[in-house]
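Structure record follows, encoded as structure tokens.
Just so you know, all these numbers are worked out from the coordinates, no wet-lab data involved. Just so you know, these numbers come straight off a predicted model, no measurement behind them. Cβ sites come from the backbone with ideal geometry, for glycine too, and all protein chains shown count toward neighbours.
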Amino acid sequence: MPVLDIQTATATYPVHIGPGALAHLLPVLNTLSGPNSMAVIVTSPEIDRLWGSAVRDMLPHPTHTLLIPAGEQHKRLATLETLCEQLATLGADRDALLIALGGGVVGDITGFLAAIYMRGLRFLQIPTTLLAQVDSSVGGKTGVNLGAGKNLVGSFHQPVAVLADTNTLSTLPRRELRAGLQESVKSAILGDADLFKYMEGNIDVILAGDPVALAHVVEASIRVKAAIVAEDEFETGVRATLNLGHTLGHAVEAATGYTTLLHGEAIGWGMIAALHLAQTRSAIPTEDAVRIAQLIQRTTSLPPFNATADQLVALTARDKKKRSGVLKFILPTGIGSTEIVRDVTEGELHAAAAFMLAAMLQTLPHATAVPA
Ligand SMILES: NC(=O)c1ccc[n+]([C@@H]2O[C@H](COP(=O)([O-])OP(=O)(O)OC[C@H]3O[C@@H](n4cnc5c(N)ncnc54)[C@H](O)[C@@H]3O)[C@@H](O)[C@H]2O)c1
């Protein structure tokens, strides 16, 4: 079973990947230095019902489980405050270990909880969605949303280990699986042409949930992210490329109240928009643009939503990647390459948003529709 070591400026930790990776929980805990006063699992009720006992059965006592409601709308400071109070009631001290069991929402909240409770606890990630396995559980970005936008409050806090057990994806709704795959398409565009080709050739087994095919996708995606995070843990440079598709993707999520589209679906739409922008600048070979659009189209259902281009452009003004009023936009320049550009005009954003909306209306996003 593959074990990747993530090395950042502040931490080194293992990621165990594949069917049955959960079995490594106790050996991993045994390698942690320092005392563990208690283990506290943070999860949501449905994931607890499905996978909670599989984790608890492997843990030494005492173990506690804190439940948070599922859904992006609960990734808020209010949830965090409740969890802090619950940890205090349990008597959790700085030697407690938090275990995030769930998707990106549980992982982001638990990681932030670990970053701030008593000024910092250790935490371990057990991601149970494809999105969390290929992306959010690795790299140490944690946080919650504000009414003004996504992930606007947070911290960098690396986990002590990640167990990405692809068997846990067997209970994941297919729509979630497809949405999560968008982050792998993103990783492949960023830096792995072989992964891109693998997904093109094996999409049916991947979408059927084959744990071995999924393990390959998870491992390759994490390799891309690991290399980027090793170079730039705190997003002062290359890490921004992981936001490919996120400028307009986050705007779509905000415009639709975080309820109509799943995060990965919004990123799929955002990548369609970024692709259009790249094509209008002749920044990407047409053949690559066509393949990317086709893979996005084959991997997700991209449900329709209500928004206008004006609305979406206005929402990009809150983008966290904006520094001193300048937006950093991630342009796909080929299969395996991207470029960070700072000169995207409001007109270009508007055209990209309008293209995305038109493509959504046709529900046939296709790069060849765009003049190169
Ligand atoms: N920290 C990062 O680097 C990073 C990167 C990408 C995305 N994110 C964040 O991740 C979040 C999205 O994560 P997500 O797509 O995993 O969504 P999610 O956490 O909301 O999970 C999706 C749904 O699947 C359910 N679920 C989870 N695992 C399951 C399983 N094995 N079986 C059945 N149901 C299961 C959850 O209860 C939930 O209803 C967003 O908030 C996004 O901002 C963070």
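To the nearest 0.05, how large is the calculated FRET efficiency for Glu46 and Arg119 if R₀ is 41 Å and r is the Cβ-Cβ distance?
On the way: r = 32 Å, r/R0 = 0.78.
That pair, Glu46 with Arg119, gives E of 0.80.
What are the ³J(HN,Hα) couplings of the stretch 241-255, residue after residue, when phi is run through the Karplus curve with 6.51, -1.76, 1.60 and θ = phi - 60°? Round to Hz, x for glycine and proline.
5, 5, 8, 3, x, 7, 4, 7, x, 5, 5, 4, 4, 5, 5
For the chain, what is the charge dipole size about the Cα centre, in debye to the nearest 20, if Lys and Arg each add +1 at the Cβ and Asp and Glu each add -1 at the Cβ? Don't skip to the answer; put the middle values down first.
Values: 27 positive and 34 negative charges, 90 e Å.
Roughly 420 debye, rounded to the nearest 20.
For the stretch 155-257, what does the relative contact order come out to in percent, with C-alpha contacts under 8 Å and a separation of six or more?
The normalised contact order for the stretch 155-257 reaches 28 percent.
Looking at the chain, what % of its DSSP beta bridges pair antiparallel, to the nearest 5? Could you put the intermediate results ahead of the total?
Working: 17 of 37 bridges.
Close to 45 percent.
Answer rounded, prolate or oblate for the stretch 80-208, using the Cα gyration tensor with square roots of eigenvalues a ≥ b ≥ c: rounded when a/c is under 1.5, else prolate when a/b is larger than b/c, else oblate. Write out the running numbers ahead of the final one.
Details: a/c = 2.33, a/b = 2.04, b/c = 1.14.
It is prolate, given that a/c is not under 1.5 and a/b is the larger ratio.
Applying 1/(1 + (r/R0)^6) with R0 = 25 Å to the Cβ-Cβ distance of Ser337 and Thr236, what FRET efficiency is obtained, to the nearest 0.05? Numbers along the way, then the final one.
On the way: r = 20 Å, r/R0 = 0.81.
Efficiency, from the Cβ-Cβ distance: 0.80.
Can you sort Lys225, Lys75, Lys197 by how many other beta carbons sit within 10 Å, fewest first? Please report the intermediate quantities before stating the final value.
Details: Lys225 25, Lys75 21, Lys197 14.
Exposure proxy ranking, most exposed first: Lys197, Lys75, Lys225.
List Val105, Val28, Val55, Val212 from most exposed to least, where exposure is judged by having the fewest other Cβ atoms within 10 Å.
Arranged by neighbour count, lowest to highest, Val105, Val28, Val55, Val212 become Val212, Val28, Val55, Val105.
Ranking Arg291, Arg174 by Cβ neighbours within 10 Å, fewest first, what do you get?
Numbers: Arg291 17, Arg174 11.
The order, fewest Cβ neighbours first, is Arg174, Arg291.
Work out, step by step, the length gained on full extension between Ala227 and Ser37: first 0.36 nm times the residue separation, then minus their alpha carbon distance; give nm to one decimal. Intermediate values should be presented prior to the final figure.
Working: separation 190, 0.36 × 190 = 68.40 nm, distance 3.35 nm.
Residue separation times 0.36 nm, minus the Cα-Cα distance, leaves 65.0 nm.
What does the helix-only formula give at 222 nm for the chain: each DSSP H stretch with n ≥ 4 adding -39500 (n - 2.57), the total divided by the residues, and the result rounded to the nearest 500 deg cm²/dmol? List each step's numbers first, then the result.
Working: 12 runs with 159 residues, N = 372.
The helix-only estimate for the chain comes to -13500 deg cm²/dmol at 222 nm.
For the stretch 3-171, calculate the relative contact order in percent as a whole number, restricting contacts to Cα pairs under 8 Å that are 6 or more residues apart.
Values: 331 pairs, mean separation 45.7, N = 169.
Across the stretch 3-171, relative contact order equals 27 percent.
Residue separation times 0.36 nm, minus the C-alpha to C-alpha distance between Glu287 and Val153: what's the value?
Working: separation 134, 0.36 × 134 = 48.24 nm, distance 3.95 nm.
Full extension of this stretch gives 44.3 nm more.
May I ask you to evaluate 6.51 cos²θ - 1.76 cosθ + 1.60, the Karplus curve with θ = phi - 60°, for each residue of the stretch 294-299 and list the ³J(HN,Hα) values in order in whole Hz, giving x for glycine and proline?
5, 5, 4, 4, 6, 8
If a/c stays under 1.5 just call it rounded; otherwise compare a/b with b/c (prolate if a/b is bigger, oblate if not). Do that for the stretch 252-334, with a ≥ b ≥ c from the square roots of the Cα gyration tensor eigenvalues.
Numbers: a/c = 2.21, a/b = 1.14, b/c = 1.93.
The shape class here is oblate.
Mind computing the radius of gyration and Dmax over the alpha-carbon atoms of the chain? Å is fine for both.
Just the Cα atoms of the chain yield Rg and Dmax of 19.9, 62 Å.
Using modelled backbone amide H atoms (1.01 Å from N, in-plane), which distant-in-sequence or interchain residues come within less than 5 Å of Arg122's amide H?
Leu98
Can you give me the distance in nm between label points at Asn306 and Thr345, each placed 7 Å from the Cα along the Cα-to-Cβ direction?
It works out to 3.3 nm between the two label points.
Suppose a student asked you for the relative contact order of the chain, using Cα pairs under 8 Å spaced at least 6 residues apart; what percent would you report? The partial results should precede the final answer.
Values: 728 pairs, mean separation 58.0, N = 372.
Relative contact order comes out at 16 percent.
Please report the Cα spread of the stretch 3-171 along all three principal axes, rounded to whole Å, starting with the longest.
Principal-axis extents of the Cα atoms in the stretch 3-171, largest first: 39, 37, 32 Å.
Taking 0.36 nm per intervening residue step and subtracting the Cα-Cα distance, what contour gain separates Val212 from Thr65 on full extension?
49.9 nm is the gain from fully extending Val212 to Thr65.
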